[in-house]
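The values are calculated or read from the model by the stated rules, or taken from the named source; none is laboratory data. The shown structure was predicted, so the numbers you read here are calculated from the model rather than taken from an experiment. Cβ atoms come from the backbone with ideal geometry, glycine included; neighbour counts cover every protein chain shown.
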Amino acid sequence: MNLSVTNTVRPLWAGLRALLVLTLVTGVVYPLLVTGVAQALFHDKANGSEITSHGKVVGSSLIGQQGYGSRYFQPRPADGLAGNSLNTRYKLLVSGATNLSADNPKLVKAVEDARAKVVRDNSVPGYTVRPSQVPADAVTSSGSGLDPAISPAYAELQVHRVAARNGLPVARVEQLVKDHTQGRALGFVGEPQVNVLQLNIALRDLTARR
């Protein structure tokens, strides 16, 4: 009887010790180590790549925002898989592409309507946008539906409208776009891009200083 109890308790005690050690290593030591390294070497990314303006967090450089007024640069269309139905306090999108084929009538109409709107909104006295000037990212959503950046071509297309709405010289707004154009990652990965939120913050600060 005693031998049976001993044989039962021994593996249970060994298993309990293994559980305690693994819990300590994987549940405490490892998370603390990873968090410490992330905070020390990648502080900005580890905290959500937050963008601040005048000491206040206004967004993330990784997530696009909608709802900018006509005085500001506009982002890509945001067509996620669905809308947020649980937290009604915020208008959120379920990240993902529409998965519509290139010849899908719904997608074709959406692109045509978006192109017409871009032409109409960005044509100002002395500057008329032609449909052929409208880049693809101005009329299509990204794969996630939450892309925070636009192409330099789309940003430049909006320069005259933004300058007219804010009473700024076109050359000054063009320089603002150039100053906020990011090159390819590592010099060869991806395409040049302009973060819309950062650009609009700079635009707001510029108009406030006038």
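When you check Ser4 against the structure, is it of a type in the set (Gly, Ala, Ser) and surrounded by 11 or more Cβ atoms within 10 Å (Cβ to Cβ), yes or no? Walk me through how you get there before you give the answer.
Numbers: of a type in the set (Gly, Ala, Ser): yes; surrounded by 11 or more Cβ atoms within 10 Å (Cβ to Cβ): no.
Answer is no for this residue.
Please count how many residues of segment 133-176 are in contact with a Leu (Cβ under 8 Å, 6 or more places away or on another chain) and either without any contact (Cβ under 8 Å) to a residue 60 or more places away in the chain or farther than 30 Å from Thr98 by Cβ (or both). First the steps, then the outcome.
The initial filter retains those residues of segment 133-176 that are in contact with a Leu (Cβ under 8 Å, 6 or more places away or on another chain), namely 133-135, 138, 145-146, 148, 155, 162, 166, 168, 172-173, 176.
Still in the running and either without any contact (Cβ under 8 Å) to a residue 60 or more places away in the chain or farther than 30 Å from Thr98 by Cβ (or both): 133-135, 166, 168, 172-173, 176.
The total comes to 8.
Anything in segment 112-151 that is within 16 Å of Asp79 (Cα to Cα) and among the aliphatic types (A, V, I, L, M)? List them, or say none.
Across segment 112-151, the qualifying residues are Ala114, Ala136, Ala138, Val139, Leu146, Ala149, Ile150.
For every residue, the table says whether it meets (1) loosely packed, with under 12 Cβ neighbours inside 10 Å; (2) modelled with pLDDT of 85 or more; (3) β-branched (Val, Ile, Thr); (4) assigned to a loop (DSSP other than H, G, I, E, B).
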site: Arg89; (1), (2), (3), (4): yes, no, no, yes
site: Ala97; (1), (2), (3), (4): no, no, no, yes
site: Leu100; (1), (2), (3), (4): no, no, no, yes
site: Asp103; (1), (2), (3), (4): yes, yes, no, yes
site: Val108; (1), (2), (3), (4): no, yes, yes, no
site: Val111; (1), (2), (3), (4): no, yes, yes, no
site: Ala116; (1), (2), (3), (4): no, yes, no, no
site: Arg120; (1), (2), (3), (4): yes, yes, no, no
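Only one of these is of a type in the set (Gly, Ala, Ser) and part of a loop (DSSP other than H, G, I, E, B): Ser141, Ser132. Name it. Outline the logic, then answer.
On the way: Ser132 fails: part of a loop (DSSP other than H, G, I, E, B).
The unique qualifying residue is Ser141.
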